[in-house]
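The values are calculated or read from the model by the stated rules, or taken from the named source; none is laboratory data. From a predicted model like this one, the values you see are computed outputs, not experimental measurements. Every residue, glycine among them, receives a Cβ derived from its backbone with ideal geometry; neighbour counts consider all protein chains shown. Just the protein is used for accessible areas: all its heavy atoms, side chains included, with ligands, DNA and RNA removed. Shrake-Rupley method; radii C 1.70, N 1.55, O 1.52, S 1.80 Å.
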Amino acid sequence: MPDDQPSRRDVLRATGTAGLSGAVATLSAADAVAARADPDAADPGTFAVDRQAATSVFPQSVASGGPTPSGALLWTRLDPDAYDGETPLAVEVARDEAFEDPVYRGTVPPERFGPERDHTVTADVDGELGPNSRYYYRFVYDGDASEVGRCRTLPEPGASPDSLRLAVASCNDYRHGYFGAFGHIAEADVDFLVHLGDFIYEYGGEDGPDDRAIDLPSGEHQAQDLADFRHLYRTYRSDDLLRRALRRHTMIHTWDDHEIVADRWWNYETDAPETTEHPRGDDPEFMRELYVAGIRAYTEYVPARVKYDPPAEDGSGLSPEAIREHFRLYRSFRFGDLAALFVTDERLYRSPPPEPDESDSSVPAKTAAEEPGRTMLGDDQRRWLLDGMTGSNARWKLWGNEVLASAFRFVDGGEVTVNADAWDGYQSERERVLTRLSKAGVDNLVALTGDMHSYLAAYLLTDYELVGGEDGLSDVGPGEPAGVEFMAPAVSSDNLVALGEFPENGTETVVGALKAGNPHVEWFDSSHWGYAVVDVGRDRLVYSGYHVDRDEDSADAPRRLLRRYRVPAGSVELQRTDPGGGDDGIL
């Protein structure tokens, strides 16, 4: 997307009425509406810089998110030892990296980034920047400047951009390996970074390289409270390659489960979250408090333009009894008439999944098909998604989807099982959503998915009904094609090969069984790590899956293209375009 169009302040400057000092909106845990700092507080001396890139003062560097056509959210954290409780924090945005052409300046009062927010601040400059443009920004505190970040704004809703490039990532367990993929993302020529969840994991301890162990303040193996979650975010943000990617690209983020606890859902009978993956996962009071802590830390450390209006007057966070009422993560982003991205929340509203026979989430396919009233999205979010997609005039409808939407069946000794934590555990709602979109004539639907620590290219069908196969396995019944699905792999989290679920080099038996049960899947790979790039054009969308070794802690970690698929506009067709080809499509 090329840069264009002047900002609102350009017009004001031309008339001689714009001052560079201005108010900064800050997202505060204590306020339902973004607060405005005092515009008179931004005197020129505030922006005098003695030290550049003062990493000791801004140890987690900077990041941006929540793009709009006229702004973004700008994030940083001040080192607690540097905080004096009196000095304001200044933010500066410019067209150039040297800040010789500033377009916005403002200050944040010290009470907005004090210890009650773990010294984090999210400054909202919406309304201050031009559309479809890239800017540079930094924070200044008492003469010390942060590292310089880049942010990008969205095109105007009525614009017609020719292209959009997205880096897509998910599942970066700090303990499992290094973030070389983020190093490559930082240098990639993309417009935005889309992260599909598991930005942090709730676990402490050691589970990989010795220098990636995490000691939680609680001393427990899993996060128990706000102090643990804050420690996790600080630890993950200590990684230089992750910080680099977040400085270079504005992030669009949705969570999956590990931002709070694994395999979580909402128990509508107890009106509380629940999981089998935590020792106290069936304790409604504890789980509500855990969500309150996890969500508060999320809003402190992830610059996401989400609804967060905690009712507690002292700013302590959400009311445990009103979590879903006061926090809303699902939202959409419009890239002119080229693409619309609908980001769903598939954890806060989902009802309990089918009960697995064992401790993992695998269940017989027939069991998963029972109880058709299960929901992944909840009534309001499902209505929002369907209304948004059916009413969109964007050429491409992109779905930021945390867990696998396509059917994916494992066959073992004639028994067909599915992952009940994915959409296979909520089959009736999946069929309802995809059928509605198909009948409404929604074309160019592309789901972008994470969670499974794997690469995948598959067809979204309105019906994945099982029918008997002649070989004794199971084929998939005919369903109308509704779109395609691409999965971004894990950056570092253990994939199925690392977990021992698949043999390291694959076998004919495994490949044959997967293909027989999933003929709609063109490609599946769970033996590599990395990221994906989605290149959206007016006549086609191209997905590229890259491998980056998680064992090398370097921005120069070797990278290679694994697969590339092209989807022509107006057609539900996966065309492989990389130099390889000719194999069975599953690794």
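Scanning the stretch 522-562 for residues that are over 23 Å from Ala245 (Cα atoms) and either open to solvent by less than 10 Å² (accessible area, probe 1.4 Å) or modelled with pLDDT under 95 (or both) returns Glu522, Trp523, Phe524, Asp525, Ser526, Ser527, Gly537, Leu541. Quick one: would you say Pro279 is open to solvent by less than 30 Å² (accessible area, probe 1.4 Å) and assigned to a loop (DSSP other than H, G, I, E, B)? No.
Taking first residues from the stretch 520-542 that are without any contact (Cβ under 8 Å) to a residue 60 or more places away in the chain and partners that are open to solvent by 30 Å² or more (accessible area, probe 1.4 Å) and not in a strand (DSSP E or B), the Cβ contacts under 7 Å between residues at least 6 apart in sequence or on separate chains come to Asp539/Ala569; Arg540/Ala569.
When you scan the stretch 563-574, how many residues do you find that are of a type outside the set (D, E, K, R), touching a strand residue (DSSP E or B) at 6+ places or on another chain (Cβ under 9 Å) and open to solvent by 50 Å² or more (accessible area, probe 1.4 Å)? Write out each step before concluding.
Narrowing the stretch 563-574 to residues of a type outside the set (D, E, K, R): 565, 567-572, 574.
Retained after the next criterion (residues that are touching a strand residue (DSSP E or B) at 6+ places or on another chain (Cβ under 9 Å)): 565, 567-569, 572, 574.
Imposing the further condition that a residue be open to solvent by 50 Å² or more (accessible area, probe 1.4 Å) reduces the set to 572.
Selection size over the stretch 563-574: 1.
For the stretch 196-237, a residue qualifies if it is buried (at least 22 other Cβ atoms within 10 Å of the Cβ), on the phi > 0 side of the Ramachandran plot and not acidic (Asp, Glu), and exactly one does: Gly197. Within the stretch 240-253, the presence of a residue that is part of a loop (DSSP other than H, G, I, E, B), more than 21 Å from Phe179 (Cβ to Cβ) and at pLDDT 95 or above is excluded. Would a scan of the stretch 479-491 turn up a residue that is modelled with pLDDT of 75 or more, open to solvent by less than 30 Å² (accessible area, probe 1.4 Å), touching an Asp or Glu at 6+ places or on another chain (Cβ under 6 Å) and in a loop (DSSP other than H, G, I, E, B)? Scanning the stretch 479-491 turns up at least one residue that is modelled with pLDDT of 75 or more, open to solvent by less than 30 Å² (accessible area, probe 1.4 Å), touching an Asp or Glu at 6+ places or on another chain (Cβ under 6 Å) and in a loop (DSSP other than H, G, I, E, B).
Residue check: is Asp144 open to solvent by less than 40 Å² (accessible area, probe 1.4 Å) and closer than 30 Å to Thr46 by Cβ? Spelling it out, Asp144 is indeed open to solvent by less than 40 Å² (accessible area, probe 1.4 Å) and closer than 30 Å to Thr46 by Cβ. If you check Ile214, Ile200 for being within 19 Å of the chain's Cα centre (by Cα), under 22 Å from Tyr298 (Cβ atoms) and touching a residue at least 12 places away in the same chain (Cβ under 8 Å), only one passes: Ile200.
Among what's in the stretch 119-130 and is of a type outside the set (Val, Ile, Thr) and outside any strand (DSSP E or B), pick the residue that is most open to solvent (accessible area, probe 1.4 Å).
Our first condition is that a residue be of a type outside the set (Val, Ile, Thr); within the stretch 119-130, this holds for 119, 123-124, 126-130.
Pick out the ones that are also outside any strand (DSSP E or B) and you get 119, 126-130.
Details: His119: 17, Asp126: 58, Gly127: 24, Glu128: 18, Leu129: 6, Gly130: 0 Å².
My answer is Asp126.
When each of Ser61, Ser70 is tested for being in contact with a helix residue (DSSP H, G or I) (Cβ under 6 Å, 6 or more places away or on another chain) and surrounded by fewer than 24 Cβ atoms within 10 Å (Cβ to Cβ), the lone residue that passes is Ser61. Reported count of residues in the stretch 299-317, each being under 14 Å from Glu116 (Cα atoms), crowded, with 17+ Cβ neighbours inside 10 Å and either at pLDDT 90 or above or among the hydrophobic types (A, V, I, L, M, F, W, C) (or both), is 3.
Considering Glu111, Glu116, the condition of being open to solvent by 40 Å² or more (accessible area, probe 1.4 Å), under 21 Å from Tyr298 (Cβ atoms) and not in a loop (DSSP other than H, G, I, E, B) is satisfied by Glu116 alone.
Candidates in the stretch 217-229 are the residues that are under 25 Å from the mean Cα position of the chain (by Cα) and assigned to a loop (DSSP other than H, G, I, E, B); of these, the one that is farthest from Arg296 (Cα to Cα) is His221. Residues in the stretch 428-446 that are within 25 Å of the chain's Cα centre (by Cα) and either among the β-branched types (Val, Ile, Thr) or open to solvent by less than 40 Å² (accessible area, probe 1.4 Å) (or both): Glu429, Arg430, Val433, Leu434, Leu437, Val442, Asn444, Leu445, Val446.
Taking the criterion of being buried (at least 22 other Cβ atoms within 10 Å of the Cβ) and either within 22 Å of the chain's Cα centre (by Cα) or among the acidic types (Asp, Glu) (or both), the only residue of the stretch 351-376 that qualifies is Met376. Do you know which residues across the stretch 406-427 are surrounded by 18 or more Cβ atoms within 10 Å (Cβ to Cβ) and among the aromatic types (Phe, Trp, Tyr)? Phe408, Trp423, Tyr426, listed by residue number.
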